[in-house]
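> Take a look at the following structure, please.
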Amino acid sequence: MDHWSESEGKRAHDPIFQTYFSQNCRQHVEDFCKERSADAVVSPSQRSILVPGPIIVGAGPSGLAVAACLKEKRVDSLILERSNCIASLWQLKTYDRLSLHLPRRFCELPLMPFPADYPVYPSKKEFVAYLEKYAARFGIRPTYNHTVVCAEYDEKRLLWRVRTQATGRMGEEVEYLSQWLVVATGENAEVVQPEIDGLKEFKGTVMHTSAYKTGRMFAGKRVLVVGCGNSGMEVCLDLCNNNAQPHIVVHILPREMLGQSTFGLSMWLLKWLPVHVVDLFLLLVARAMLGDTARLGLKRPTVGPLELKSLSGKTPVLDVGTFAKIRSGDIKVRPDIKHISGRQVEFLDTLSEDFDAIVLATGYKSNVPFWLKDQELFSEKDGLPRKAFPNGWKGERGLYSVGLTRRGLMGTSLDARRIAHDIEQQLRAAEGRYPGVLL
């Protein structure tokens with residue numbers, strides 16, 4: 001039996017809940033404990049389960065962080081995960097050589113630091129191991145293989161209705177109900193497929209980086225990497241011994257400056273200096289360390305790296321060794337693609353070359369608009385909160401957002417703590433009215 005079904009079954013025989021079950025009171029938010037008790041029994045025909053605590057959609061780092069912060073406050077939650085494991089993006093859709101791009105101290109989740117013997121930049125394997133230990137420490141057990149197909153607020157019952165479709169079991173649908181809904185599906189839920197003339201007719205292999213694992217499978221082949229971020233640069237480095245010729249338009253910075261991580265130095269400078277001044281400093285140091293990247297075909301945006309991150313969410317590329325390969329000529333830089341015909345790729349500078357494969361390092365996007373029926377907290381355009389950080393974590397009627405702030409794991413940790421505190425305050429206020437029922 002699923003642990004939520006078992007829990008709800010026990011509540012059906014709890015005398016405190018039975019007392020409230022018999023009362024037909026108006027369903028105000030402050031009276032939600034009464035509504036909860038009335039619906040505590042699972043209906044086999046409708047497969048509807050009322051969840052006592054918050055529903056969290058997504059078992060990535062963001063979902064785990066919120067669940068842990070809630071658990072610290074003795075509030076249980078239900079995590080719904082469409083895949084069969086935690087951190088499915090990291091485990092199933094990333095390349096083998098991936099590591100954290102920022103020092104570990106900027107990437108740890110609330111309440112549990114990384115092991116002291118971890119390197120400054122933990123590998124993919126190390127980060128996943130950390131997340132698994134994190135989930136085990138806080139007793140987090142997501143409900144796997146349940147894809148949320150629709151979530152909407154029921155104005156009559158004052159509850160969120162979250163409809164899921166299970167993998168297997170002939171696609172069985174289950175509806176979960178709760179006063180709170182936490183969106184933790186992340187900024188990288190779905191791959192972005194670029195519109196390139198002729199791409200669909202390309203005669204070689206085309207794959208997104210979500211399916212790319214290692215350059216060994218492309219040994220001896222000419223590979224064009226299309227992308228403008230850290231993934232594109234790392235894939236190029238992985239392919240440079242196999243005749244990869246990347247197309248890159250990047251804002252490149254050294255990963256370390258003046259003996260410190262570039263990100264750590266930036267955060268320290270921002271304590272005293274405005275963004276545009278820090279941007280200017282970073283660009284000057286980058287110019288001194290890397291030279292004129294324009295002569296190698298690397299175009300620079302018109303704004304600085306921190307301002308670019310703030311305005312568009314695009315993360316500046318932190319060099320992990322790729323630039324040296326570009327400078328030596330092992331990795332070729334090309335302008336934008338004009339057209340693809342067969343295996344031939346024509347670029348905007350009229351140069352044409354043949355390739356065996358194309359790797360799309362074109363990133364990901366949020367999928368929130370596809371399943372969440374809400375137009376207040378989230379934008380329908382990009383699926384991210386309408387309000388800029390740090391104000392995009394809370395919506396109306398018990399709706400929350402975590403991991404969608406364009407601030408990485410640091411932003412995730414801040415939002416997770418705020419959400420847990422906010423829900424705890426609501427529970428304590430309700431407990432004052434109905435002692436012994438909520439906590």
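> Which three semi-axes in whole Å describe the equivalent ellipsoid of the stretch 116-183, each the square root of 5 times a Cα gyration tensor eigenvalue, listed largest first? Can you show the working numbers first?
Numbers: eigenvalues 227, 53, 21 Å².
Each semi-axis is the square root of five times an eigenvalue, giving 34, 16, 10 Å.
> Using a 1.4 Å probe, what is the accessible area per residue for the stretch 75-177, in Å²? Present the calculation step by step, with values, prior to reporting the outcome.
Working: 4920 Å² over 103 residues.
For the stretch 75-177, the solvent-accessible area averages 48 Å² per residue.
> Something else now. Round to a whole number: what % of the accessible area of the stretch 378-419 belongs to carbon and sulfur, probe 1.4 Å?
Numbers: 980 of 1990 Å².
Heavy-atom surface of the stretch 378-419 belonging to carbon and sulfur, 1.4 Å probe: 49 percent.
> Additional query: For A219 and R343 in one chain, what is 0.36 nm times their gap in residues minus the Cα-Cα distance, to one decimal in nm? Could you put the intermediate results ahead of the total?
On the way: separation 124, 0.36 × 124 = 44.64 nm, distance 1.75 nm.
Stretched fully, the A219-R343 segment lengthens by 42.9 nm.
> Among residues other than R216 whose Cβ falls under 13 Å from its Cβ, what is the net charge (Lys/Arg +1, Asp/Glu -1)? The partial results should precede the final answer.
Details: positive: R97, K213, K221; negative: D96, D238.
Charge balance near R216 sits at +1.
> Now for a separate question. If you add up the charges near Q344, with Lys and Arg at +1 and Asp and Glu at -1, over every other residue whose beta carbon is less than 14 angstrom from its beta carbon, what do you get? List each step's numbers first, then the result.
On the way: positive: K203, R222, R334, K338, R343; negative: D197, E201, E346, E353, D354, D356.
Around Q344, the surrounding residues sum to -1.
> Right, something else. Take the Cβ-Cβ distance between D117 and K156 as r, set R0 to 56 Å, and report the resulting FRET efficiency rounded to the nearest 0.05.
Working: r = 55 Å, r/R0 = 0.97.
That pair, D117 with K156, gives E of 0.55.
> So what's the net charge close to T412: Lys and Arg +1, Asp and Glu -1, counting the other residues with Cβ under 15 Å from its Cβ? Display every interim value, and only then the final one.
Details: positive: R104, R105, K394, R406, R407, R417, R418; negative: E108, E187, D415.
Residues close to T412 contribute a combined charge of +4.
> Okay, moving on. Give the Rg/Rh ratio for the stretch 68-163, taking Rg as the radius of gyration of the Cα atoms and Rh as the Kirkwood radius, to two decimals. If you can, show how the numbers build up before the last one.
Working: Rg = 16.3 Å, Rh = 15.6 Å.
The Rg/Rh ratio comes out at 1.05.
> Here is a follow-up. Would you please put 125-131, 94-100 in order of how densely packed they are, using the mean number of other Cβ atoms within 10 angstrom per residue and starting with the highest? Mind dumping the intermediate values first?
On the way: 125-131: 18.6, 94-100: 17.0.
Highest to lowest by the protection proxy: 125-131, 94-100.
> Please give the peptides 61-69, 415-423, 196-204, 352-360 ranked by average Cβ packing (other Cβ atoms within 10 Å per residue), highest first, as a rough proxy for protection.
On the way: 61-69: 28.4, 415-423: 21.6, 196-204: 14.4, 352-360: 19.2.
The peptides rank, most packed first, as 61-69, 415-423, 352-360, 196-204.
> Sticking with this one: Let me cross-check M217: its accessible surface, 1.4 Å probe, with only protein heavy atoms counted, in Å² to the nearest 10?
Looks like 100 Å² after rounding.
> Dipole size in debye (nearest 20) for the stretch 157-201 around its Cα centre, Lys and Arg Cβ +1, Asp and Glu Cβ -1?
Numbers: 5 positive and 8 negative charges, 92 e Å.
Rounded to the nearest 20 debye, it is 440 debye.
> Could the peptides 400-409, 114-123, 382-391 be put in order, highest first, of the mean number of other beta-carbon atoms found within 10 Å of their residues?
Values: 400-409: 23.8, 114-123: 14.0, 382-391: 16.1.
Most protected by this proxy first, the peptides run 400-409, 382-391, 114-123.
> Simple spin-label model, 7 Å along Cα-to-Cβ: D336 to S352 in nm?
Each label point is offset 7 Å from its Cα along the Cβ direction, giving 2.1 nm.
> On the principal axes of its Cα set, how long, how wide and how thick is the stretch 328-439? Give whole Å, largest value first.
So the three principal-axis extents are 74, 34, 23 Å.
> Separate question: I'd like to know which of L399, S328, L351 lies farthest towards the positive end of the charge dipole of the stretch 324-413, counting +1 on Cβ of Lys and Arg and -1 on Cβ of Asp and Glu.
Ranked along the dipole, the leading option is L399.
> State the dimensionless ratio Rg/Rh of the stretch 91-214 (Rg: radius of gyration of Cα atoms; Rh: Kirkwood radius). Let's see the in-between values first.
Details: Rg = 19.5 Å, Rh = 18.5 Å.
Taking Rg over the Kirkwood Rh, I get 1.05.
The values are calculated or read from the model by the stated rules, or taken from the named source; none is laboratory data. Computed from a predicted structure; not experimentally measured. Please note: Cβ atoms are built from the backbone with ideal geometry, for glycine as well, and neighbour counts cover all protein chains shown. When the accessible area is computed, the model is the full protein with side chains, heavy atoms only, and any ligands, DNA or RNA have been set aside. Shrake-Rupley method; radii C 1.70, N 1.55, O 1.52, S 1.80 Å.
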